[in-house]
Each structure stands twice: as C-alpha cells, then as structure tokens.
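Read the structure below first, then the notes.
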C-alpha cells in the first residue's frame, strides 16, 4: 500500500536536475512502473507518447489514470521548486497476454458447455472487464446464460450451474400432516436446484404445490 501511495503521489525531488533527457527518462520510467502496478506485471507497454512538451521541473506527480479504447491515459503535474510548471498528458498502448478459454463454435444461451466447445488460446485481455479463466473445470458442464461467438473468450459471469431438475420431470413429493405422511407424484413446473423451493403440480389432484427439492430428487412440501 505504501508503494501505491508513493506512485500515485509521485513527488520526486532532484535538486540539481535541469530539463534534459534525464528528466524525460525519469518520467517514462515512473509511468512504466505505475502502469505495471495498475495493470499487472505481465503487462507490455508500447508507444508511450506525451501530448505536450515536458516543462522544466524539479518534481512531478501522476494525478490521474484511466483506460479508454485499449489505451492508458495519464495526467502528470510538474512543479519547479514548488511552483506549478504545467500539466502534461501521456498516452500508452498496453497489452496483457494471458491463456484464456475461448469458444470453438457458437455457444447458444441455455447450452451446457462440453470439452469440444472450448479451447485454450493466448490473447490480449487488456481493457476487457470479463472474468476469464484458463481452468477447464471452471467452464465444463456449466450452463451458458448468453450466446458466445466463435473465438470469443468465455466470461465466467455468464455461466451458471445447470439445474438439478428441469421443467416436466415427475418426482415424488412428501406431505406430512401430523403423524401421517402422504407420498404422491408431482410434475415439476420450473427448473430448480437442490435446496431450493420449487413449484410442482400434483398429478392426482392438479393442485400446485411449493416444496424444497431434496438431493434424493424428492420434494418436501413446505409447512407440512
């Protein structure tokens, strides 16, 4: 945390330093270290440019940082002996290459992802807010909540566990009234997972019931 503070409020005094390539080098190195701190040590920085001429200064401070259109933008404040010298904007291209799982075909919403649907690819993920992974176990067997295009990285945000039971399944349901336990067959009318309250329709009476789905694929009626 202390390192972060020192970089965010980068006030580097160099009493004998005048405007020269040494100042430019110091600013460039400080920006590079700052970007690596923000984006990760596996980031690659290219094409660092300054929008304005760097003024003569004895200290400087990085006062803002943002990412836009795959580029990093910074604003740097310069001072000469504690007197404001000017602002300089800097922009740099940044790449972060990582191994991520991508779709090998169009994966439609509602499909369960199988081994042949995904492959591991090294790609630039900088500026992308998705939750990507290189672990097959994070993806295989999961239900997609969106359509993934071929070559699109799999975002874990759009994956979920498939339901343990689906609409239309017929399951036993138990209803306890005092010391009497009644067992009947019901048809599930909504997808659900173990431990959840789901709705089902009694096959004998046609009544709609609500109950907890048990791991033995039975439904325990609430309030019984």
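Read the figures in this text as sums done on the coordinates, not as results from a lab. All figures in this text were calculated on a predicted structure; none of them were measured in a lab.
Take every Cα pair under 8 Å whose residues are at least 6 apart in sequence, average their separation, divide by the length of the chain, and the relative contact order is 12 percent. The distance linking the stretch 112-130 with the stretch 146-161 is 8 Å (Cα centroid to Cα centroid, whole angstrom).
With only alpha-carbon atoms in the gyration tensor, what are the semi-axes of the equivalent ellipsoid for the stretch 111-210, in Å, largest first?
Values: eigenvalues 344, 30, 24 Å².
Calculated on Cα positions only, the semi-axes equal 41, 12, 11 Å.
Test of understanding: in a Gaussian network model of the chain with alpha carbons linked when under 10 Å, which of 126, 65, 194 would top the mean-square fluctuation ranking? Judging by the Gaussian network model, the answer is 194. Each part reduced to its alpha carbon centroid, the stretch 32-95 and the stretch 175-217 end up 62 Å apart.
Highest GNM mean-square fluctuation among 166, 146, 71, for the chain modelled with Cα contacts below 10 Å: 166. Using C-alpha pairs under 8 Å with a sequence gap of at least 6, the mean separation divided by the residue count of the stretch 170-221 gives a relative contact order of 34 percent. Once C-alpha pairs closer than 8 Å and six or more residues apart are averaged by separation and normalised to the residue number of the stretch 97-160, the relative contact order reads 46 percent. Dividing the summed helix terms, -39500 (n - 2.57) for each DSSP H run of n ≥ 4, by the number of residues in the chain produces a 222 nm estimate of -3500 deg cm²/dmol to the nearest 500.
Each of (1) 19.3; (2) 16.5; (3) 11.9 is a candidate for mean projected area of the Cα convex hull in nm²; the one calculated from this structure is (1). Quick one: among 201, 135, 98, which has the greatest mean-square fluctuation in a GNM of the chain with alpha-carbon springs under 10 angstrom? Result: 201 has the largest fluctuation of those listed. When the Kirkwood radius is taken over all Cα pairs of the stretch 73-133, what Stokes-Einstein diffusion coefficient follows at 20 °C and 1.002 mPa s, in µm²/s? The calculation lands on 137 µm²/s. Rounded to the nearest whole angstrom, the semi-axes of the ellipsoid equivalent to the stretch 97-160, taken from the Cα gyration tensor as √(5λ), stand at 17, 12, 11, largest first.
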